[in-house]
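**Student:** Structure incoming, see below.
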Amino acid sequence: MAQSKITQQHIADALSLSRNTVSKALNNDPGMPEDTKRRVIQKALELGYTKFQQDLPPAESAPAKNRLVSLLTHSDYMGNHYWSTFLRGLNGTLKEAGYTLAMTIVDMEEERELRLPALFLQQKPAGVIMIGPFLREYYEVIEAAGIPSIFIDTHAEFNLGLLRSDIMLVDNAHSVYTLTRALIAQGHRQIGFVGDIGSCLSYRERWTGFQQALREADLRVNEACCIINTMKRHYYNEDELQEAFAAMKHKPSAFVCVNDAIALEMMQVIRNAGLRIPDDIVLTGFDNITEAMLVQPSLTTVHVPKEELGMRAGEQIVWRMGNISRPKELVRLAVDIIWRDSFQQPV
(Lines give C-alpha, C1' and ligand atoms only; values in the text may rest on other atoms or scores of the structure.)
Protein backbone atom coordinates (compact mmCIF):
# COMPACT_ATOMS: atom_id res chain seq x y z
CA MET A 1 0.00 0.00 0.00
CA ALA A 2 1.42 3.40 -0.99
CA GLN A 3 2.38 5.82 1.78
CA SER A 4 -0.17 8.61 2.23
CA LYS A 5 0.92 12.13 1.38
CA ILE A 6 2.45 13.99 4.34
CA THR A 7 0.60 17.24 5.11
CA GLN A 8 1.14 20.13 7.48
CA GLN A 9 -1.43 18.55 9.78
CA HIS A 10 0.74 15.44 10.12
CA ILE A 11 3.63 17.66 11.23
CA ALA A 12 1.38 19.54 13.63
CA ASP A 13 0.10 16.32 15.19
CA ALA A 14 3.62 14.93 15.58
CA LEU A 15 4.74 18.04 17.45
CA SER A 16 1.47 18.77 19.29
CA LEU A 17 1.26 22.14 17.56
CA SER A 18 -1.53 23.81 15.65
CA ARG A 19 -1.58 23.61 11.87
CA ASN A 20 -1.42 27.42 11.76
CA THR A 21 1.81 27.38 13.76
CA VAL A 22 3.35 24.82 11.42
CA SER A 23 2.33 26.86 8.39
CA LYS A 24 3.92 30.02 9.78
CA ALA A 25 7.12 28.18 10.66
CA LEU A 26 7.44 26.65 7.19
CA ASN A 27 6.86 30.07 5.64
CA ASN A 28 9.56 31.68 7.82
CA ASP A 29 7.15 34.00 9.62
CA PRO A 30 9.33 36.68 11.34
CA GLY A 31 7.17 36.52 14.48
CA MET A 32 7.75 32.81 14.96
CA PRO A 33 10.40 31.81 17.56
CA GLU A 34 13.54 30.42 15.97
CA ASP A 35 13.41 27.30 18.13
CA THR A 36 9.89 26.49 16.90
CA LYS A 37 10.95 27.04 13.29
CA ARG A 38 13.85 24.62 13.70
CA ARG A 39 11.65 21.94 15.31
CA VAL A 40 9.02 22.20 12.56
CA ILE A 41 11.57 22.11 9.74
CA GLN A 42 13.37 19.14 11.27
CA LYS A 43 10.13 17.19 11.69
CA ALA A 44 9.03 18.07 8.17
CA LEU A 45 12.25 16.62 6.81
CA GLU A 46 11.94 13.50 8.97
CA LEU A 47 8.39 12.84 7.79
CA GLY A 48 9.20 13.49 4.14
CA TYR A 49 7.03 16.57 3.66
CA THR A 50 7.48 16.82 -0.12
CA LYS A 51 6.32 20.37 -0.67
CA PHE A 52 8.87 21.65 1.82
CA GLN A 53 11.61 19.61 0.17
CA GLN A 54 10.71 21.03 -3.24
CA ASP A 55 10.99 24.55 -1.86
CA LEU A 56 14.52 23.98 -0.55
CA PRO A 57 17.46 25.10 -2.72
CA PRO A 58 19.25 22.23 -4.49
CA ALA A 59 21.48 19.98 -2.34
CA GLU A 60 20.18 21.55 0.90
CA SER A 61 18.27 19.74 3.59
CA ALA A 62 18.33 22.44 6.29
CA PRO A 63 18.05 26.24 6.53
CA ALA A 64 21.05 28.19 5.25
CA LYS A 65 23.55 29.37 7.87
CA ASN A 66 22.79 32.81 9.26
CA ARG A 67 25.24 35.15 7.53
CA LEU A 68 23.98 38.50 8.84
CA VAL A 69 26.15 40.69 11.10
CA SER A 70 24.47 43.75 12.58
CA LEU A 71 26.43 46.96 13.13
CA LEU A 72 24.79 49.15 15.79
CA THR A 73 25.58 52.84 15.98
CA HIS A 74 24.04 56.30 16.40
CA SER A 75 22.96 58.60 13.56
CA ASP A 76 25.70 61.16 14.31
CA TYR A 77 28.32 58.54 13.38
CA MET A 78 27.00 58.30 9.83
CA GLY A 79 29.30 60.08 7.38
CA ASN A 80 32.05 60.44 10.00
CA HIS A 81 35.36 59.97 8.16
CA TYR A 82 36.89 58.08 11.09
CA TRP A 83 34.13 55.49 11.07
CA SER A 84 33.74 55.34 7.30
CA THR A 85 37.38 54.24 7.11
CA PHE A 86 36.75 51.70 9.86
CA LEU A 87 33.71 50.39 7.96
CA ARG A 88 35.75 49.90 4.80
CA GLY A 89 38.06 47.52 6.65
CA LEU A 90 35.22 45.82 8.50
CA ASN A 91 33.00 45.26 5.46
CA GLY A 92 35.87 43.93 3.35
CA THR A 93 36.79 41.35 6.00
CA LEU A 94 33.21 40.20 6.56
CA LYS A 95 32.50 40.00 2.84
CA GLU A 96 35.56 37.84 2.31
CA ALA A 97 34.32 35.53 5.09
CA GLY A 98 30.89 35.27 3.44
CA TYR A 99 28.95 37.54 5.81
CA THR A 100 26.67 40.49 5.08
CA LEU A 101 26.94 43.65 7.19
CA ALA A 102 23.69 45.46 8.05
CA MET A 103 24.03 48.89 9.66
CA THR A 104 21.31 49.68 12.19
CA ILE A 105 20.78 53.11 13.73
CA VAL A 106 19.78 53.04 17.40
CA ASP A 107 17.97 56.26 18.27
CA MET A 108 18.17 57.88 21.69
CA GLU A 109 14.66 56.80 22.64
CA GLU A 110 15.42 53.15 21.88
CA GLU A 111 18.60 53.41 23.89
CA ARG A 112 16.95 55.06 26.90
CA GLU A 113 14.13 52.51 26.88
CA LEU A 114 16.64 49.66 26.38
CA ARG A 115 14.81 48.37 23.30
CA LEU A 116 16.52 46.13 20.76
CA PRO A 117 16.37 47.32 17.13
CA ALA A 118 13.44 46.05 15.03
CA LEU A 119 15.91 44.07 12.91
CA PHE A 120 16.49 41.73 15.86
CA LEU A 121 12.79 40.82 15.84
CA GLN A 122 12.65 40.30 12.09
CA GLN A 123 15.87 38.31 11.73
CA LYS A 124 18.16 37.67 14.68
CA PRO A 125 21.70 38.44 13.46
CA ALA A 126 24.51 35.94 13.79
CA GLY A 127 26.75 38.57 15.33
CA VAL A 128 26.68 42.16 16.60
CA ILE A 129 29.29 44.93 16.40
CA MET A 130 28.74 48.22 18.27
CA ILE A 131 30.56 51.47 17.53
CA GLY A 132 30.24 54.75 19.36
CA PRO A 133 29.47 55.13 23.08
CA PHE A 134 26.21 53.70 24.42
CA LEU A 135 24.79 53.65 27.91
CA ARG A 136 26.17 50.89 30.08
CA GLU A 137 22.68 49.41 30.40
CA TYR A 138 22.33 49.11 26.62
CA TYR A 139 25.56 47.11 26.34
CA GLU A 140 24.10 44.81 29.00
CA VAL A 141 20.90 44.39 26.96
CA ILE A 142 22.93 43.27 23.94
CA GLU A 143 24.92 40.84 26.09
CA ALA A 144 21.70 39.42 27.53
CA ALA A 145 20.42 38.74 23.99
CA GLY A 146 22.95 35.92 23.74
CA ILE A 147 24.28 36.96 20.32
CA PRO A 148 28.07 36.86 19.73
CA SER A 149 29.15 40.49 19.97
CA ILE A 150 32.12 42.82 19.96
CA PHE A 151 32.09 46.37 21.30
CA ILE A 152 34.45 48.89 19.73
CA ASP A 153 35.01 50.87 22.94
CA THR A 154 32.48 50.71 25.76
CA HIS A 155 31.12 52.62 28.75
CA ALA A 156 33.48 54.63 30.95
CA GLU A 157 32.89 52.57 34.11
CA PHE A 158 34.06 49.33 32.50
CA ASN A 159 36.63 47.13 34.21
CA LEU A 160 37.90 43.65 33.36
CA GLY A 161 35.57 42.08 35.91
CA LEU A 162 32.69 43.17 33.65
CA LEU A 163 34.04 41.43 30.53
CA ARG A 164 30.97 39.65 29.09
CA SER A 165 31.59 40.38 25.38
CA ASP A 166 34.69 40.93 23.29
CA ILE A 167 35.88 44.54 23.50
CA MET A 168 38.30 46.27 21.16
CA LEU A 169 40.35 49.35 22.07
CA VAL A 170 43.54 51.07 21.00
CA ASP A 171 46.45 52.05 23.23
CA ASN A 172 44.80 55.02 24.90
CA ALA A 173 46.53 55.45 28.25
CA HIS A 174 50.18 54.92 27.34
CA SER A 175 50.07 57.07 24.19
CA VAL A 176 48.62 60.05 26.09
CA TYR A 177 51.04 59.37 28.93
CA THR A 178 53.89 59.64 26.40
CA LEU A 179 52.52 62.89 24.96
CA THR A 180 52.17 64.41 28.41
CA ARG A 181 55.65 63.31 29.46
CA ALA A 182 57.03 65.01 26.33
CA LEU A 183 55.28 68.24 27.32
CA ILE A 184 56.73 68.01 30.83
CA ALA A 185 60.20 67.38 29.38
CA GLN A 186 59.89 70.61 27.41
CA GLY A 187 59.27 72.57 30.59
CA HIS A 188 55.46 72.70 30.79
CA ARG A 189 54.14 72.64 34.36
CA GLN A 190 50.56 73.83 33.94
CA ILE A 191 48.96 71.38 31.52
CA GLY A 192 45.23 71.07 30.95
CA PHE A 193 43.12 68.19 29.68
CA VAL A 194 40.02 68.69 27.51
CA GLY A 195 37.31 66.09 26.91
CA ASP A 196 34.17 64.27 28.03
CA ILE A 197 35.84 61.65 30.21
CA GLY A 198 32.51 60.13 31.28
CA SER A 199 31.27 59.27 27.80
CA CYS A 200 33.37 56.17 27.03
CA LEU A 201 36.22 53.98 28.21
CA SER A 202 38.69 55.28 25.61
CA TYR A 203 38.37 58.85 26.87
CA ARG A 204 38.61 57.71 30.48
CA GLU A 205 41.80 55.79 29.69
CA ARG A 206 43.32 58.86 28.01
CA TRP A 207 42.53 60.90 31.11
CA THR A 208 44.19 58.18 33.23
CA GLY A 209 47.36 58.30 31.10
CA PHE A 210 47.45 62.10 31.46
CA GLN A 211 47.12 61.89 35.25
CA GLN A 212 49.78 59.21 35.55
CA ALA A 213 52.34 61.30 33.65
CA LEU A 214 51.79 64.27 35.95
CA ARG A 215 51.93 62.17 39.11
CA GLU A 216 55.20 60.54 38.11
CA ALA A 217 56.67 64.02 37.54
CA ASP A 218 55.44 65.13 40.99
CA LEU A 219 53.05 67.60 39.36
CA ARG A 220 49.52 68.20 40.56
CA VAL A 221 46.57 67.65 38.24
CA ASN A 222 45.04 71.13 38.25
CA GLU A 223 41.41 70.66 37.25
CA ALA A 224 41.02 74.45 37.13
CA CYS A 225 43.10 74.21 33.95
CA CYS A 226 41.04 71.35 32.56
CA ILE A 227 37.73 71.22 30.70
CA ILE A 228 36.25 67.88 31.70
CA ASN A 229 32.99 66.31 32.84
CA THR A 230 31.85 62.83 33.81
CA MET A 231 28.35 62.94 32.30
CA LYS A 232 27.38 59.83 30.32
CA ARG A 233 25.97 61.43 27.19
CA HIS A 234 27.67 64.80 26.95
CA TYR A 235 29.92 66.05 24.14
CA TYR A 236 31.46 69.51 24.32
CA ASN A 237 30.61 72.01 21.60
CA GLU A 238 32.64 75.08 20.71
CA ASP A 239 30.43 77.48 22.70
CA GLU A 240 30.90 75.43 25.88
CA LEU A 241 34.65 75.25 25.30
CA GLN A 242 34.76 79.00 24.68
CA GLU A 243 32.91 79.71 27.92
CA ALA A 244 35.08 77.33 29.97
CA PHE A 245 38.30 78.73 28.53
CA ALA A 246 37.24 82.32 29.19
CA ALA A 247 36.45 81.43 32.81
CA MET A 248 39.99 80.16 33.48
CA LYS A 249 41.82 82.67 35.65
CA HIS A 250 45.18 81.20 34.72
CA LYS A 251 45.56 79.62 31.29
CA PRO A 252 47.73 76.50 31.00
CA SER A 253 50.73 76.49 28.66
CA ALA A 254 49.49 73.29 26.97
CA PHE A 255 46.29 71.33 26.40
CA VAL A 256 46.04 67.58 25.87
CA CYS A 257 42.73 66.99 24.07
CA VAL A 258 40.78 63.75 24.14
CA ASN A 259 40.42 63.69 20.34
CA ASP A 260 41.20 65.73 17.23
CA ALA A 261 37.68 67.13 16.88
CA ILE A 262 37.93 68.71 20.34
CA ALA A 263 41.48 69.89 19.64
CA LEU A 264 40.41 71.65 16.43
CA GLU A 265 37.62 73.43 18.30
CA MET A 266 40.07 74.41 21.04
CA MET A 267 42.38 75.77 18.35
CA GLN A 268 39.66 78.20 17.31
CA VAL A 269 38.83 79.06 20.93
CA ILE A 270 42.48 79.88 21.64
CA ARG A 271 42.72 82.03 18.54
CA ASN A 272 39.53 83.87 19.45
CA ALA A 273 41.24 84.82 22.71
CA GLY A 274 44.09 86.40 20.76
CA LEU A 275 46.58 83.68 21.67
CA ARG A 276 48.88 81.74 19.33
CA ILE A 277 49.57 78.03 18.87
CA PRO A 278 52.15 76.81 19.80
CA ASP A 279 53.78 80.08 20.95
CA ASP A 280 51.31 80.73 23.78
CA ILE A 281 49.61 77.36 24.13
CA VAL A 282 50.71 73.96 22.82
CA LEU A 283 47.92 71.67 21.64
CA THR A 284 47.65 67.91 21.04
CA GLY A 285 44.81 65.68 19.80
CA PHE A 286 44.04 62.01 19.24
CA ASP A 287 42.86 59.95 16.20
CA ASN A 288 44.78 61.63 13.34
CA ILE A 289 41.75 62.62 11.28
CA THR A 290 42.45 64.27 7.91
CA GLU A 291 41.82 67.79 9.20
CA ALA A 292 44.58 67.41 11.80
CA MET A 293 47.18 67.49 9.04
CA LEU A 294 45.51 70.25 7.00
CA VAL A 295 45.04 72.92 9.69
CA GLN A 296 47.67 75.56 10.43
CA PRO A 297 49.56 74.84 12.52
CA SER A 298 49.22 71.11 11.85
CA LEU A 299 48.11 69.17 14.90
CA THR A 300 50.27 66.82 16.92
CA THR A 301 48.13 63.77 17.49
CA VAL A 302 47.94 60.00 17.95
CA HIS A 303 47.42 58.00 14.77
CA VAL A 304 44.74 55.31 15.06
CA PRO A 305 44.89 52.69 12.25
CA LYS A 306 41.20 53.01 11.44
CA GLU A 307 40.91 50.62 8.51
CA GLU A 308 42.99 48.00 10.30
CA LEU A 309 40.79 48.46 13.36
CA GLY A 310 37.79 47.59 11.18
CA MET A 311 39.57 44.60 9.66
CA ARG A 312 40.52 43.30 13.10
CA ALA A 313 36.95 43.75 14.35
CA GLY A 314 35.72 41.69 11.40
CA GLU A 315 38.23 38.95 12.12
CA GLN A 316 37.23 38.88 15.77
CA ILE A 317 33.46 38.66 15.24
CA VAL A 318 33.89 35.90 12.63
CA TRP A 319 36.08 33.96 15.07
CA ARG A 320 33.67 34.62 17.96
CA MET A 321 30.62 33.37 15.99
CA GLY A 322 32.46 30.09 15.53
CA ASN A 323 33.75 29.94 19.10
CA ILE A 324 30.86 31.12 21.25
CA SER A 325 31.93 29.29 24.42
CA ARG A 326 35.56 30.48 24.41
CA PRO A 327 36.54 33.08 27.06
CA LYS A 328 35.74 36.67 26.12
CA GLU A 329 38.65 38.85 25.04
CA LEU A 330 39.91 42.41 25.38
CA VAL A 331 41.71 43.22 22.11
CA ARG A 332 43.98 46.27 21.96
CA LEU A 333 45.71 47.75 18.89
CA ALA A 334 48.94 49.76 18.90
CA VAL A 335 49.02 53.41 17.84
CA ASP A 336 51.68 55.93 16.77
CA ILE A 337 52.27 59.51 17.90
CA ILE A 338 52.47 61.97 15.01
CA TRP A 339 54.58 65.00 15.99
CA ARG A 340 53.49 68.15 14.16
CA ASP A 341 53.73 71.93 14.41
CA SER A 342 51.23 72.47 17.24
CA PHE A 343 53.80 70.95 19.60
CA GLN A 344 56.72 73.27 18.84
CA GLN A 345 58.02 75.54 21.56
CA PRO A 346 58.50 79.32 21.28
CA VAL A 347 62.00 80.40 20.31
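**Student:** What does the accessible area per residue of the range 87-174 come to in Å², with a 1.4 Å probe and no ligands, DNA or RNA counted?
**Tutor:** 43 Å²
**Student:** Now a separate question. If the cut-off is a Cα-Cα distance under 19 Å, which lysines reach K24, setting aside same-chain residues fewer than 8 apart in sequence?
**Tutor:** Qualifying lysines at Cα under 19 Å: K37, K43, K51, K124.
**Student:** I've got another one for you. Please find the FRET efficiency linking S298 to S84, where r is the Cβ-Cβ separation and R0 is fixed at 22 Å, and quote it to the nearest 0.05.
**Tutor:** 0.50
**Student:** Sticking with this one: How do K95, K124 rank by accessible surface area computed with a 1.4 Å probe, from largest to smallest?
**Tutor:** Ranking K95, K124 by accessible area, largest first, yields K95, K124.
**Student:** Out of the total accessible area of the chain (probe 1.4 Å, heavy atoms of protein only), what percent is carbon and sulfur? Display every interim value, and only then the final one.
**Tutor:** On the way: 8560 of 17080 Å².
Carbon and sulfur together cover 50 percent of it.
**Student:** Around I197, which amide H atoms from residues at least 5 apart in sequence, or from another chain, sit under 5 Å from its own amide H, with H modelled in the peptide plane?
**Tutor:** Amide H to amide H, under 5 Å and 5 or more residues apart or across chains, I197 pairs with N229.
**Student:** So if R0 is 45 Å, what FRET efficiency would T230 and S23 give, r being the distance between their Cβ atoms, rounded to the nearest 0.05?
**Tutor:** Approximately 0.25, to the nearest 0.05.
**Student:** So how much slack lies between T7 and Q42, counting 0.36 nm per residue of separation and subtracting their Cα-Cα distance, in nm?
**Tutor:** Going from the current span to full extension adds 11.2 nm.
**Student:** Name the residues whose placed amide hydrogens come within less than 5 Å of the amide hydrogen of V302, ignoring near sequence neighbours (fewer than 5 apart) on the same chain.
**Tutor:** Under 5 Å from the amide H of V302: G285, F286, D287, N288, I338.
**Student:** What translational diffusion coefficient, in µm²/s and rounded to a whole number, does the Stokes-Einstein relation yield for the chain at 37 °C and a viscosity of 0.692 mPa s, taking the hydrodynamic radius as the Kirkwood radius over Cα pairs? If you can, show how the numbers build up before the last one.
**Tutor:** Details: Rh = 23.1 Å.
D, rounded to a whole number, is 142 µm²/s.
**Student:** With a 1.4 Å probe and all protein chains kept in place, how much accessible area does T100 have, in Å² rounded to the nearest 10?
**Tutor:** The accessible area of T100 comes to roughly 80 Å².
**Student:** If I270, I41 are ordered by their accessible area, calculated over protein heavy atoms with a 1.4 Å probe, which sequence runs from highest to lowest? Walk me through the intermediate numbers first.
**Tutor:** Details: I270 0, I41 25 Å².
Highest to lowest solvent-accessible surface, that is I41, I270.
**Student:** With 17 Å as the cut-off, how large is the P(r) tail for the range 151-196, expressed as percent of Cα-Cα pairs?
**Tutor:** Numbers: 533 of 1035 pairs.
Considering the range 151-196, 51 percent of its Cα-Cα pairs are separated by more than 17 Å.
**Student:** How high is the relative contact order of the chain, in percent, counting Cα pairs under 8 Å that sit 6 or more residues apart?
**Tutor:** For the chain, the relative contact order is 17 percent.
**Student:** Another question about this same structure. Between E240 and N159, what is the FRET efficiency for a Förster distance of 22 Å, r being their Cβ-Cβ separation, to the nearest 0.05?
**Tutor:** 0.15
**Student:** Write down the Kirkwood hydrodynamic radius of the range 87-222, to one decimal in angstroms, obtained as one divided by the mean of 1/r over all alpha carbon pairs.
**Tutor:** Values: mean 1/r = 0.0580 Å⁻¹.
Mean inverse Cα-Cα distance, inverted, gives 17.2 Å.
**Student:** Right, next: Quick check on my link table: of K95/K306; K249/K306; K65/K306; K95/K328; K232/K328, which ones sit more than 27 Å apart, alpha carbon to alpha carbon?
**Tutor:** Violating the 27 Å Cα-Cα cut-off are K249/K306; K65/K306.
**Student:** Students often check this: by mean Cβ neighbours within 10 Å, which of 108-117, 82-91 ranks highest, and how do the rest follow?
**Tutor:** 82-91, 108-117
The values are calculated or read from the model by the stated rules, or taken from the named source; none is laboratory data. Because the structure is predicted, anything quoted here is derived from the model rather than measured. Glycine gets a Cβ as well: all are built from the backbone with ideal geometry, and neighbour counts include every protein chain shown. The accessibility values were calculated without ligands, DNA or RNA, using every heavy atom of the protein model including side chains. Shrake-Rupley method; radii C 1.70, N 1.55, O 1.52, S 1.80 Å.
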